[in-house]
Amino acid sequence: MHMKNIWKIALLRMVLGVVSCSRVDEHGNDPYDGKRFLFINGEEFDIASDSRIPAHVNSIFVYEGKIYIAGTKREGLGTVVLTTATVSILQPKINGSHEKAQESILMETTENSFGESVFVSDGDVYVAGYERIKRPNYVGQYYYRAVLWKNGKLQSIECEHGTGIIYSIYVSGNDVYALGLDANDKALWKNGVKHIVYHDATRLLSTLFVYDGDIYAGGTDGFWINKEKQSYGTYGVNTIFVK
């Protein structure tokens with residue numbers, strides 16, 4: 001465990017807090033309210049008109065010059081609406097603008113699905129999220145099932161309690177890590193098998209990073225390195241990056 005890594009995470013958290021600012025103008029209007037924007041090096045791009053991009057965007061990843069955008073696509077009208085976890089791929093132009101999404105990957109699903117996080121490694125696209133499943137013999141009742149996808153195909157994941165959500169995914173070498181909920185357990189999976197249960201976490205864990213064999217996890221409940229909760233991050237961690 002490298003001490004410099006810990007400090008870099010702490011500093012990143014401080015920088016994120018400093019640069020965040022209000023989006024409301026002098027008239028009390030929020031120019032981004034209800035709209036979808038992509039920011040590249042501080043420049044904003046309105047992606048709302050691009051029908052291939054998910055209606056609800058939750059995660060982005062950049063790989064070999066392409067931008068992968070994960071979220072949930074809605075189709076249908078009224079009470080009959082199908083939601084499908086989706087990844088759209090953008091190719092930025094040299095001048096900083098971007099083409100409309102050239103490709104979309106719909107996740108294989110049995111019912112409604114939701115994409116929460118995307119990671120690309122060696123050209124393979126990994127997505128984490130959940131499905132909303134109807135309960136057998138119960139009218140109008142549903143449960144959430146934690147799922148992973150690789151290139152749009154469902155992957156098996158061990159879920160002891162039957163219900164769950166995956167909020168973050170990270171790929172390191174041949175290992176796929178996922179962070180989320182297995183019923184009330186705040187857990188981390190490695191290659192589809194539950195690897196760590198954070199027994200001292202009482203609230204949501206939603207951000208994940210793996211570096212040099214160490215697993216960094218955080219959320220509204222604080223910050224963990226491997227299985228140990230750290231003294232900083234008391235007020236929550238939104239994102240982690242280690243270098």
* Cβ-Cβ below 6 Å, separation at least six or inter-chain, first residue in segment 52-79 and farther than 23 Å from Thr239 by Cβ and in a loop (DSSP other than H, G, I, E, B), second at pLDDT below 90 and among the hydrophobic types (A, V, I, L, M, F, W, C): which pairs? -> Arg52/Ala101
* Restricting segment 101-125 to residues that are in a strand (DSSP E or B), among the acidic types (Asp, Glu) and modelled with pLDDT of 90 or more, which is farthest from Ala55 (Cα to Cα)? -> Asp124
* Selection count, segment 158-191, where residues are buried (at least 21 other Cβ atoms within 10 Å of the Cβ) and not in a strand (DSSP E or B) -> 1
* Asked: Looking at Val242, is it at pLDDT 90 or above, in a strand (DSSP E or B) and of a type in the set (Val, Ile, Thr)?
  -> no
* Applying the selection to segment 139-171, what residues are modelled with pLDDT under 85 and over 19 Å from Ala183 (Cα atoms)? -> Val139, Gly140
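The values are calculated or read from the model by the stated rules, or taken from the named source; none is laboratory data. Please read all numbers here as calculations on a predicted model, not as lab measurements. Note that each Cβ is placed from the backbone with ideal geometry, even for glycine, and that neighbours are counted across all protein chains shown.
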